[in-house]
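One structure is given below, encoded as structure tokens.
The values are calculated or read from the model by the stated rules, or taken from the named source; none is laboratory data. Model, not experiment: these values are computed from the prediction. Cβ atoms come from the backbone with ideal geometry, glycine included; neighbour counts cover every protein chain shown.
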There are 2 protein chains.
Amino acid sequence: MTDRSHAERLDAEDPLAAFRERFAIHDPETIYLDGNSLGRLPLATRGRLTELTDAWGSALVRGWHDWIDLPERLGDLLADAVLGARPGEVIVTDSTTVNLFKLAAAVLDTRTGAIVTDSENFPTDRYVLDGLSRGHGRELRVFDTDPLNGPQAEDVKRACQAGDVAFVSLSHVAYRSGALADMEQIAAAAAPAPVIWDLSHSAGAVPVELEQRGVALAVGCTYKYLNAGPGAPAFLYVRTELQERLRTPIQGWFGQRHQFVMERPYDPASGVRRFLAGTPPILALAGVEEGAKLIAEAGAGNLRDKAAALSELIVAIHDERLAQLGFRLGSPRDPARRGAHVSLAHDDAWAICRALIERAKVVPDFRTPDSIRLGVPPLYTRFTDVYDALDRLATLVERGDHREVDSGPLRVT
Amino acid sequence: MTDRSHAERLDAEDPLAAFRERFAIHDPETIYLDGNSLGRLPLATRGRLTELTDAWGSALVRGWHDWIDLPERLGDLLADAVLGARPGEVIVTDSTTVNLFKLAAAVLDTRTGAIVTDSENFPTDRYVLDGLSRGHGRELRVFDTDPLNGPQAEDVKRACQAGDVAFVSLSHVAYRSGALADMEQIAAAAAPAPVIWDLSHSAGAVPVELEQRGVALAVGCTYKYLNAGPGAPAFLYVRTELQERLRTPIQGWFGQRHQFVMERPYDPASGVRRFLAGTPPILALAGVEEGAKLIAEAGAGNLRDKAAALSELIVAIHDERLAQLGFRLGSPRDPARRGAHVSLAHDDAWAICRALIERAKVVPDFRTPDSIRLGVPPLYTRFTDVYDALDRLATLVERGDHREVDSGPLRVT
């Protein structure tokens, strides 16, 4: 299974193969396996940015006729193309951090009890919850999750039974292991407390289906699998039935019912728009539209199938060639329980990552303490990319090349 | 004084005249007097956007080596070029609304008492403070300000004497009248409560001099006089001496001391960086750099002098020609007490605004209930622009053309 011709066959049969041509590929030698951190640049985004910049230059303030509802229009696009949500349930605005803060604080306003999260949640999520716990005088209950398999319903149930709970906040796909949480089972285990999901590592990589799965609240970033650009604004989802009950802690003029009748006291807008705060960064929204369109065109089923097949290839090569070199699989074995990245753990992970980048033209991503993350965004990753990257990885470790790089201090890659 | 040749002479003698050529001017017929709402596009911003987009496409995640400290680097640039603050006191991030929320909540953490603001503060500021008052169970004490002259030190003193005060939050330049507040007198009147200033309508228009004036805390937008683009990220200033005492309510990974050592509990970064939250929108930061550079190149003294001279021309033409047509000056008469916009009040203000845009190719800005705001950003506004715009305005009202437009419902212009 793990010879190159097998990967070539998979590429030849790939219904999504042509999507790679829709992205900027500057250096074909380099194999980029970090789209789970920052997605590639869609070629159409350049044109969209130019259009928006032209509109700023020519229409000036009148451009706001078109821009004023962009956070809602892009939200509806994501709802339909990526999130499986209904119109009027999603906005694109602020960062994931700020959006999680807004939703979590809004729930704290309506419910007593602890804030529950797990030990494997993404750092910024844990920091936000820690800050809310201090500010609101609530217990922050962090339950331990198996780093490999992510949070399980029984863990959530146990944590919630330990005392009154305001809400549970978890990542849909774990940032290190790529483990995919079962949203429905976990929601049932947490009930009546709502779950706020962070979809940053799942949106655009695996089906999310918020409506069908009865999800209450969610946030997520657009710069990973949605390819919207570095730091592009994040999304925020509130299920229709909950919208009128929740109120943002950050009351701003974009969330006011009558934004331009400036005499009135604050009155939250109807619907999810009430979670807007200040003026949204229009140029940074350019990439969200093009990124979401590509996902819609590819289709959620195709994306899921290809991501599973790509990550299965990593697992197969791991078993055949990498396990004997000191690697351990840091992700679930069952492809149905994984997102679109696979973690390989190794005692020399940091030095290996450095050597891969500097000597082998492979860009993975390192996560403390010992994870090499290999992201395989299905829109532009080829099976031969996976084969070649792991071949270079194996050769490098077989030769001991990673022992020769200066492993230096930790830094962002 | 108010014939066209006078305006032509002023243009000929204007040391900043050449800066107009550094901006995109798509339709020379249209006179744009709404740069106080959305500034023009600097030509250099196009190139900077292309560079950043190229870096995303080619360096991909490695682009973060350059981007990671952009909020602080741009903050230092603004500190030096525009705000008169010291290095390490300013960051560019989030919106003005979110930044005000963060600073105000941080102060509430350290001080008891009421939140004090005035009736003329910008709506989003009042909404933020109202939300904090609810969330923190604090009195929101709104004192009445003379709409024409803005908040005065004696008003602030009286409001602060009415009971314990956590902080005072005011706009440096009033959004409707353009009245410029005396930051030093007001700070003395508020003491020991700190004042949080919103500099949105002053930064880039009048000297701000935060260090020299002993200002404690401030926020402001970059898309007005700083020409950074629609919804470009805002700035946040914390005086060095206060930084270690304040803690953001929105704890995110960009404000964490060890951002990429993900195992650790939240520990706020040193300095103003602790007020960063989520991942900043890199493409939207492109305009901040070019906008700030232009301000720096022009020089604060030149900008102040030209803004005063432009607004003096509006006042002179008002007195000679507009007062007899039902206009009233809605801004202070003393140019030293004004920002870079002048408000003209009129009973038919809304219909006149519509007619100006639709029939006279003049773009002003309407603010409820009866204000026509004329912004004169000194970098690109000519004296003949002011003359011609007010000539068209007077002619239009003399003829009664504004009675013929459909004055329709309120909308953003």
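Among the residues of the stretch A:331-363, those that are within 14 Å of another protein chain (Cβ to nearest Cβ) and part of a strand (DSSP E or B) comprise A:H341, A:S343, A:V362, A:V363. Looking across the stretch B:1-47, the residues that are among the charged types (D, E, K, R) and within 8 Å of another protein chain (Cβ to nearest Cβ) come down to B:D27, B:D34, B:R40, B:R46. Among all residues of the stretch A:266-289, there is at least one that is in a helix (DSSP H, G or I), more than 14 Å from every other protein chain (Cβ to nearest Cβ), small (G, A, S) and touching a Gly at 6+ places or on another chain (Cβ under 9 Å). Summed over the stretch B:97-137, residues that are touching a Ser or Thr at 6+ places or on another chain (Cβ under 6 Å), of a type in the set (S, T, N, Q) and not in a loop (DSSP other than H, G, I, E, B) total 3. Are any residues in the stretch B:1-43 part of a loop (DSSP other than H, G, I, E, B) and either without any contact (Cβ under 8 Å) to a residue 12 or more places away in the chain or among the acidic types (D, E) (or both), and if so, which ones? Selection gives B:D3, B:D14, B:H26, B:D27, B:P28, B:E29, B:D34. Pick from the stretch B:234-245 the residues that are within 24 Å of the chain's Cα centre (by Cα) and in a loop (DSSP other than H, G, I, E, B): which of them is farthest from A:G137 (Cα to Cα)? Among those residues, the one meeting the criterion is B:A234.
Whenever a residue of the stretch A:357-375 is under 13 Å from A:G35 (Cβ atoms) and touching a residue at least 12 places away in the same chain (Cβ under 8 Å), its partners that are in a loop (DSSP other than H, G, I, E, B) and of a type in the set (G, A, S), lying with C-beta atoms within less than 6 angstrom and at least six residues away or across chains, give the pairs A:D365/A:S37; A:G375/A:G35. State yes or no: is B:L303 within 14 Å of chain A (Cβ to nearest Cβ) and within 21 Å of B:V215 (Cβ to Cβ)? So B:L303 does not fit the description; no.
When each of B:G131, B:G137, B:G163 is tested for being at pLDDT 95 or above and exposed (fewer than 15 other Cβ atoms within 10 Å of the Cβ), the lone residue that passes is B:G137. Residues in the stretch A:80-96 that are crowded, with 24+ Cβ neighbours inside 10 Å and in a helix (DSSP H, G or I) were compared, and the one that is nearest to the other protein chains (Cβ to nearest Cβ) is A:T96. Going by the structure shown, is A:E72 assigned to a loop (DSSP other than H, G, I, E, B), more than 10 Å from every other protein chain (Cβ to nearest Cβ) and either buried (at least 20 other Cβ atoms within 10 Å of the Cβ) or in contact (Cβ under 8 Å) with a residue 40 or more places away in the chain (or both)? Answer is no for this residue. The one condition from (1) over 21 Å from B:H341 (Cα atoms); (2) within 14 Å of another protein chain (Cβ to nearest Cβ) that B:E120 does not meet is (1). Can you pull out every residue in the stretch A:246-258 that is more than 7 Å from chain B (Cβ to nearest Cβ) and either crowded, with 19+ Cβ neighbours inside 10 Å or under 28 Å from the mean Cα position of the chain (by Cα) (or both)? Within the stretch A:246-258, A:L246, A:R247, A:T248, A:F254, A:G255 qualify. Checking the stated criteria, B:F366 turns out to be within 21 Å of the chain's Cα centre (by Cα), crowded, with 20+ Cβ neighbours inside 10 Å, modelled with pLDDT under 95 and within 14 Å of chain A (Cβ to nearest Cβ). Of the residues making up the stretch B:196-209, those that are buried (at least 24 other Cβ atoms within 10 Å of the Cβ) and in contact with a helix residue (DSSP H, G or I) (Cβ under 7 Å, 6 or more places away or on another chain) number 9. Among the residues of the stretch A:48-69, those identified as facing another protein chain (nearest Cβ under 9 Å) and closer than 13 Å to A:L285 by Cα are A:L49, A:T50, A:L52, A:T53, A:W67, A:I68. Candidates in the stretch A:12-25 are the residues that are surrounded by fewer than 15 Cβ atoms within 10 Å (Cβ to Cβ) and of a type outside the set (A, V, I, L, M, F, W, C); of these, the one that is farthest from B:L60 (Cα to Cα) is A:E13.
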